[in-house]
Structures are given as structure tokens and as C-alpha cells.
Amino acid sequence: MAQLWGGRFTKATEQQVYDFNASILFDQKLFDQDIEGSIAHVTMLAKQGIITSDEMDDIIKGLNSISNDVKDGKLIITNEYEDVHSFVEANLIDRIGDAGKKMHTGRSRNDQVALDMRLYVRKEVQEVSDDLRTILETLYKLMSENLETFMPGFTHLQKAQPTTLAHHMGAYFEMFKRDYLRLKDIYERMNYCPLGAGAFAGTTYPLDRDMTAELLGFYGPTLNSMDSVADRDYCLEFLSALSIIMMHLSRFSEEIIIWNSNEYRFVEIDDGFSTGSSIMPQKKNPDIAELVRGKTGRVYGALMSLLTTMKGIPLAYNKDMQEDKEVTFDAIKTVKDCLELFNGMLETIRFNSAIMEKSAAKGFTNATDAADYLVMKGVPFRDAHGIIGRLVLFCIEKDKSIDELTIDELRSISKDFDEDVYEAISIKTCVDKRLTVGAPGPDAMKKVLDTYRTFLDEINN
Ligand code: ARG
């Protein structure tokens, strides 16, 4: 047991207590951030004359050697230490002696862990943003290639109106674009440095908090030392953004699963992204999409878990907050894996455009356009709606689609039908004429695609 405290204790900690209290097995993920934060801290201590520059040099050299040895596998992080902070400090003192004992001057583990976690989450916000950028590029490519790939759009999972694959993919582009922007907002709000808050009340040493904030790439120091050690809002914001990303991925997965089913066959998932059955030789299952959908629950769970942990904690630091780590780490890994695998699946999926188009032509997806046709001929919309409703019933009886009826059959329902109706209600016309901003008409979509290109170029720089 290597602990940073013990002076006021008269007996050793019970082993079970030690194990229950220790966080080293999971907070070792913060190792790089702990080293980086300590280097910034001692650099500032030396500049302020709180330690000498020789001491600073020794400490920084010691920290770098610990870092290298851990990376090379020469030094193993074990549960002999309470947490990652104790591990680093104990090893530093072993290596450089007394100067090492000065590293923690003017610092508490409370602001240290607050800093480490913030640095870690900040890095992960950027990495998840990168994954989102990748998926946005994949969607952009799919959209550009499928402006005239017709397919049915659904409401209530029933065919509703014709649209295009580009339009459908564009809906997800919008969702992931908002997810990306949400992360950007979170970054802006969280990018302030808690180091120097001490246990919660600052310190009497003349620390230069602006300096450490700058060294660590923050916009500036946090402005209330009590809040600095007690705040985990940025983790909650991140978990909530991650939950929304999973919700989007899960809906997308659900659609891929439906489209991949034997009944739809809109898509064929690449063999590299499918799995088989141990008993049914014919099976090729969409397991990746199903797992992404399934893992959504555990990311929501992480959000609920931390919200609940935080809700009753009095200010300032309490050990409950150590519970922020495992759930946050797990959610981050889950979302990154899901985004990367989903993107791989999407890049390699094959869309059966002939089947999608045929499906769009069936199921009366042009019924609204047929009603609009009658409106154009002078019939009030509500009457046109009723006429087409009767026409659909007629079609169901004859087992035909509207455009398969003869002109005489059409005119038996309404005298306002003329030969030009066939052109007016073709799937192509139905889509091409939908030209309002955000609609599937290829000319409207091209303009939207241009703005997406500008957006992607901006965020890629
Ligand atoms: N392992 C602790 C955590 O993750 C570090 C902070 C410990 N601070 C303390 N006052 N016990 O929160």
C-alpha cells in the first residue's frame, strides 16, 4: 500500500477498505494527463520562485523518465498505489529524492484530478469529433452519388411519399452535424483550467493560474475554486452528447437492419461487416448494426449513473466523484467503437437501387401528387383528397398502382384526369418537383450539398 497520507493515523488501513477506496485500476488512464499537469504546475512554481529552477529541472526530468518507462513497459502501474497521482509522486520521490517531495506544493489531489479528468475529456471530445467528421464525409459521398436514387420515404413504417437515398442520408448528415456542433459547444464551455484551486479554497502560495492555464492550452483559469474541484458538468454534457450520438446511430442501425431484411433487400451489408449463424448456413446477420443499437443502452446508463451520483453531493469535493471515471471512460470507448464500425459498414454497404425504386413505385407513394394534380385542374384539395382515397380503394381491388390504371379507369373516378396525369405522378416527377429548401428534389438537394461541402471544408481546417 503506497499512500500519500498516514501521518495522523495510528493504524494501517484495512485491506478491504484500501481496495474499495483505490482508483488506480481505472484512473491509470489519466497517466499522461497527470504527467502533463504536473510539468505545467512545477514550471509555474519555479517561475514564481516557490521552488528553484534546479528543482524544477529535476522534477521534469524525473516525470519524463517515469513516463518513458511506463510507455516502454519497464515500469508497471500496479494496485500497490492508491491512485495514479500517488503512483507518479511515489515514483518521482524514489527517483529524485527530496526535490520530488516539493512537486505537490500548492496543489491538492482535488484540483489535480479535476485537471486530469478535464484534460482527458477535452482530448476525447476532439477524438469523437474526428470520428463524426469521418462519418459526415461518408454520408456526403453517398448523397452526392445518389441524388436520383429513388426510394420510398416512410411514416409509421408505411410507405408514404417517394424520396431519394441522398435525401434520406441527408437526414443523418443533419443529425451528425448537430452532434458535431454540440461537441464544439461543450469544448468551448469546458476549456478552463481548474489547477490552482487547491483542495477547494485556493492556496496562500503566489500561484500564477493564468500561466498554468496557458501552458495547458486552456482559455484561462476557472473563476471559483470551490466549483473548480466540484464540477463534473462537462462530463455530464459530454455523456449527454454521446447519448444523443448513440440515439442517432441506433435509429440508423434499426433502418439498416430493416433494409437488410429478406423482405426489403434495399441494402446488402458487406461480408466483412456481417456474421453468420452456427446452425443456419444461409444466414448473414447484421450484427454490427444490432450491437450498435444494443450498446446505446449502456451509454444512456453512464449518463444516468453520473447524474445520479452528482445529484446529492454537497460542495466541494467528495469521494463519490471518483465514480465519474469508469462510466465516462466506458461510454467514450463504446461510442468511438460504434462510430468507427458503423462508418466502415456504411462505406462498404451496397444499396439495391433497382429494388428501392420499384418499392417506391408501389404502395401509392404518389397518392399525394395525384391529389395535387387534381388541385392543379381546379379541384379543391379536400375534395381531391377524397377522390384519390376512393381511387386507392379501386386500385387495391384491381391490384394495380395508380399509374397502372388506364385513362378510362381513372376517368371513371374523376373526369378531371387527362393523359398528362401519367407524367405528373411518375416517381421521377414527384421527386423532381419537390424543390423547397430541404426537400428531395435533386436541384434543391444540390444546393444543400454545396453548403455541406463548405461546412466540411471549414471543420477540416
Ligand atoms: N482518486 C480520486 C478521484 O478520482 C482522486 C482525488 C482524491 N482526493 C481526495 N481528497 N481523496 O476523485
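Just a few scattered comments:
- Protection proxy ranking, highest mean first, for peptides 217-225, 304-312, 205-213: 205-213, 217-225, 304-312, where packing is the per-residue count of other beta-carbon atoms within 10 Å, averaged.
- Inter-probe distance in nm under a simple model that places probes 7 Å from Cα toward Cβ, at Q126 and I355: 4.3 nm
- Calculated mean residue ellipticity, 222 nm, the chain: -20000 deg cm²/dmol, from DSSP H runs (n ≥ 4) at -39500 (n - 2.57) each, averaged per residue and rounded to 500.
- Scaled radius of gyration (Cα, divided by 2.2 N^0.38 Å) that the chain gives: 1.35
- Label-point separation, I258 to K428 (7 Å along Cα→Cβ), nm: 2.8 nm
- Given in Å, the Rg to one decimal and the Dmax to the nearest whole number for the Cα atoms of region 146-193 are 16.7, 53.
- 13 Å beta-carbon shell around S305, net charge (K/R +1, D/E -1): -1
- Whole-percent carbon and sulfur share, accessible surface of the chain, 1.4 Å: 52 percent
- Computed over region 171-256, relative contact order equals 36 percent, with contacts defined as Cα pairs under 8 Å that lie 6+ residues apart.
- Reported value for region 196-345: 146 Å³ per residue, from the convex hull of its C-alpha atoms.
- Under 12 Å from K336, Cα to Cα: aspartates and glutamates that are on another chain or at least 8 residues apart: E124, E127, D130, D131
- Computed on the Cα trace of region 133-270, the radius of gyration divided by the Kirkwood hydrodynamic radius gives Rg/Rh = 1.23.
- Across K141/K433; K47/K74; K159/K283; K333/K447, pairs whose alpha-carbon gap is larger than 25 Å: K47/K74; K159/K283; K333/K447
- When each of the peptides 32-41, 16-25, 142-151 is scored by the mean number of other C-beta atoms lying within 10 Å of its residues, the order from highest to lowest reads 32-41, 142-151, 16-25.
- Diagonalising the gyration tensor over the Cα atoms of region 92-142 and scaling each eigenvalue by 5 before taking the square root yields semi-axes of 42, 12, 5 Å, largest first.
- DSSP H segments from the chain that extend 30 Å or more along their own axis, Cα-based, with Kyte-Doolittle mean of -0.5 or above: 233-259, 287-310, 324-348
- When only alpha carbons of region 253-295 are considered, Rg and Dmax amount to 10.1, 27 Å.
- For the listed peptides 406-417, 53-64, a ranking on the average number of other beta carbons within 10 Å per residue, highest first, reads 53-64, 406-417.
- Cα-Cα P(r), region 296-441, percent of pairs per 5 Å interval: 2, 8, 12, 12, 10, 7, 5, 5, 7, 7, 7, 6, 5, 3, 2, 1, 0
- Cα Rg over Rh - region 1-51, Kirkwood: 1.14
- Accessible surface, the chain, averaged per residue in Å² (probe 1.4 Å): 48 Å²
- Multiplying the residue separation of K47 and D287 by 0.36 nm and subtracting their alpha-carbon distance yields 80.7 nm.
- Cα-based equivalent ellipsoid, region 361-448: semi-axes from gyration tensor eigenvalues, Å: 24, 14, 11
The values are calculated or read from the model by the stated rules, or taken from the named source; none is laboratory data. If you're wondering where the values come from, they're calculated on a predicted model, not measured in any experiment. Heads up, the Cβs are rebuilt from the backbone with ideal geometry, glycines too, and the neighbour counts pull from every protein chain shown. Note: areas computed on protein heavy atoms with side chains; ligands, DNA, RNA excluded. Shrake-Rupley method; radii C 1.70, N 1.55, O 1.52, S 1.80 Å.
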